[in-house]
Amino acid sequence: MNSVGEGCTELKREYDQCFNRWFAEKFLKGDRSADPCSELFLKYHTCVQKAIKEKDIPVEGVEFMGPNREKADS
Amino acid sequence: MVKYFSCAGFLKSSWDQVFLAFWQRYPNPYSNHVLTEDIIFREVTPDNCLMSRRLLTKTSRAPRWAEKFLPAHMAQKAYIIEDSVVDPQGRTMTTFTWNISHARVMSFEEHCVYRVNPDNNSWTEIKREAWISSNLYGLSRAIQEFGLARFKSNVTKTMKGFEYVLAKMQGELPTRTLAETATVKARETAFAAKEKAKDLASQAQKKQYV
């Protein structure tokens with residue numbers, strides 16, 4: 001699957017591979033050892049953030065599960 | 001005005017397989033409308049839950065009857081955010097998805113809860129709720145009907161995409177019949193609602209001349 005940043009797809013692929021392995025073999029089994037993918041994520045993340053700014057994608061200031069707060073109250 | 005929709009379904013795979021498949025969903029034969037996928041935030045909480053934010057770009061397909069009412073240079077791509085929390089201890093996953101573009105034309109929000117199927121603990125239940133609204137003058141109802149129809153058709157594709165990826169992960173290949181049935185069903189649902197939306201749009205147009 002492609003990244004929104006055309007030059008980030010390869011970095012995304014490397015990160016995804018690392019994450020999927022950690023997720024299946026450690027995280028889901030309750031192993032709390034630190035995720036070994038943080039460096040890969042940082043490289044990938046830097047690339048994507050640049051693309052997001054260039055394309056003016058409005059992701060800033062959006063609270064996690066933000067709109068859901070309103071749903072929970074109504 | 002808001003259209004509310006809810007449904008429950010299940011996947012015949014265990015919760016851990018489903019949660020893993022969730023991150024490997026794209027691409028799949030039913031996701032041609034999904035152009036890009038990126039994790040833009042991820043964190044493990046102190047109580048060992050995984051919070052993630054995924055940014056998706058999807059094709060923005062307005063039906064032909066709506067095109068003449070929409071801004072001439074409206075973007076052809078829609079941006080969607082999906083926030084999720086995976087709790088491996090509780091074996092649940094909660095997701096919240098909404099569009100961050102085109103919201104003035106139509107806005108949708110979807111909330112899903114994935115958990116172990118209470119009747120069969122080797123299956124996973126998915127409870128889905130959606131809120132679809134549009135405030136575009138005179139066309140709200142037609143847009144909402146269209147939005148709801150497209151959402152339902154996408155739910156079918158989502159489930160089929162999941163089943164495909166899970167079968168691939170488990171070394172089986174889905175039968176052609178399943179894929180065909182899904183496509184036919186999705187088309188039928190979309191067509192029926194398309195007709196309804198067209199009808200509402202022409203009614204709205206007629207009202208303007210009265």
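A few notes on this one:
- Applying 1/(1 + (r/R0)^6) with r as the Cβ-Cβ distance of A:Glu54 and B:Thr189 and R0 = 51 angstrom yields a FRET efficiency of 0.85.
- Cα centroid of segment B:126-145 to Cα centroid of segment B:37-112, whole Å: 16 Å
- Per residue of the protein assembly as shown, the DSSP helices (runs of n ≥ 4 H) give a summed -39500 (n - 2.57) that works out to -14000 deg cm²/dmol at 222 nm.
- Gyration tensor verdict on segment B:1-160 (Cα atoms; rounded if a/c is under 1.5, prolate if a/b is larger than b/c, oblate otherwise): prolate
- Site pair A:Glu63 and A:Ser38 shows an inter-label distance of 2.8 nm when each label is modelled 7 Å from Cα along Cα→Cβ.
- Treating r as the C-beta distance of A:Arg21 and A:Thr46 and R0 as 22 Å, the FRET efficiency rounds to 0.50.
- Sparse-neighbour loop sites [trypsin sites (Lys or Arg not before Pro); segment B:49-80; at most 14 other C-beta within 10 Å; DSSP]: B:Arg61, B:Lys68
- Label sites at B:Thr59 and B:Cys7, each approximated as a point 7 angstrom past Cα along Cα to Cβ, lie 2.1 nm apart.
- Simple spin-label estimate for B:Ser202 and B:Asn117 in nanometres, 7 Å along Cα-Cβ: 4.3 nm
- Net length available on complete extension from B:Asn48 to B:Val85 is 12.3 nm, with 0.36 nm assigned per residue and the Cα-Cα distance removed.
- Under the criterion of Cα pairs below 8 Å and six or more residues apart, the relative contact order for chain B equals 23 percent.
- Here B:Lys68 is the anchor, and the aspartates and glutamates within straight C-alpha reach of less than 19 Å, apart from those fewer than 8 places off in the same chain, are B:Glu145, B:Glu195, B:Asp199.
- Taking chymotrypsin sites (Phe, Trp or Tyr not before Pro) in DSSP loop states with no more than 16 other Cβ atoms inside 10 Å as exposed sites, chain B has its longest site-free stretch at B:1-122.
- Each residue of segment B:43-55 was assigned a 3J(HN,Hα) from its phi angle through the Karplus curve 6.51 cos²θ - 1.76 cosθ + 1.60 (θ = phi - 60°); the sequence is 7, 9, 7, x, 9, 6, 9, 9, 9, 9, 10, 10, 9 Hz, with glycine and proline shown as x.
- Size of the A/B contact, given as accessible area buried on both chains, probe 1.4 Å, in Å²: 3200 Å²
- Applying D = kT/(6 pi eta Rh) to chain A, where Rh is the Kirkwood radius over alpha-carbon pairs, T corresponds to 10 °C and eta to 1.306 mPa s, the Stokes-Einstein value obtained is 110 µm²/s.
- Taking Cα atoms only, the orientation of helix B:176-209 departs from the longest principal axis of chain B by about 30 degrees.
- GluC sites (Glu not before Pro) within segment A:1-72: DSSP coil, no more than 13 neighbouring Cβ in 10 Å: A:Glu60, A:Glu63
The values are calculated or read from the model by the stated rules, or taken from the named source; none is laboratory data. Every value quoted in this text rests on a predicted model; they were computed, and no experiment measured them. FYI the Cβ positions are ideal-geometry reconstructions off the backbone, even for glycines, and counts take in every protein chain you see. Accessible surface areas use protein heavy atoms only, side chains included; no ligands, DNA or RNA. Shrake-Rupley method; radii C 1.70, N 1.55, O 1.52, S 1.80 Å.
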